[in-house]
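Data first, discussion second: the structure below is written as structure tokens.
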Amino acid sequence: MEIRGRQWVCQEERVFDVGIGEMVVLAVLALVIFGDKLPSVAAQAGRTLRQLRTMANSAKEDLREGLGPEFKDFDPADLNPRRFVQKHLFEDLDDPLGLKDEPAAYQPHQPYKEPALAYGDRPPFDKEAT
């Protein structure tokens with residue numbers, strides 16, 4: 001919630017594209033479906049996630065060992081096209097866009113000033129421009 005003027009405006013926070021109201025409905029459904037078993041179901045879900053994480057890490061290590069010492073710097077995240085391009089185009093640059101660089105002697109823009117004509121001089125005339 002935030003205050004605008006003297007009114008409270010509720011901005012719904014979204015997690016995994018699920019709003020607060022939908023989370024409440026899911027929690028109530030979980031209580032109805034699982035009832036007293038909810039703590040044991042949550043513990044089982046936590047153990048399952050931990051096992052999946054362990055399996056993923058071991059698969060990553062097996063892949064590194066199988067590739068050999070030539071690929072010791074291999075990271076499976078580099079297979080993502082965006083990460084691949086960033087790594088190979090900008091790996092030597094700490095600041096690829098030059099945002100940290102200080103501008104060398106910044107001078108504000110000076111407006112163009114026409115040279116002054118002496119009294120009685122005719123301004124230049126271009127036949128092709130008219």
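The values are calculated or read from the model by the stated rules, or taken from the named source; none is laboratory data. All values reported here derive from a predicted model rather than from experimental measurement. Here the Cβ positions follow ideal geometry from the backbone for every residue, glycine too, while neighbour counts run over all protein chains shown.
Pairs meeting the criteria (first residue in region 41-56 and part of a helix (DSSP H, G or I), second residue aromatic (Phe, Trp, Tyr), beta carbons under 7 Å, at least 6 apart or on different chains) are Val41/Phe34. Among the residues making up region 38-55, those that are surrounded by fewer than 11 Cβ atoms within 10 Å (Cβ to Cβ) and either in contact with a strand residue (DSSP E or B) (Cβ under 8 Å, 6 or more places away or on another chain) or not polar (S, T, N, Q) (or both) are Pro39, Ala43, Ala45, Gly46, Arg47, Leu49, Arg50, Leu52, Arg53, Met55.
Only residues that are surrounded by 11 or more Cβ atoms within 10 Å (Cβ to Cβ) and at pLDDT 75 or above: list them for region 79-102, please.
Taking region 79-102 and keeping what is surrounded by 11 or more Cβ atoms within 10 Å (Cβ to Cβ), we get 80, 83-84, 86-87, 90, 96.
Of everything in region 79-102, those that are surrounded by 11 or more Cβ atoms within 10 Å (Cβ to Cβ) and at pLDDT 75 or above turn out to be Asn80, Arg83, Phe84, Gln86, Lys87.
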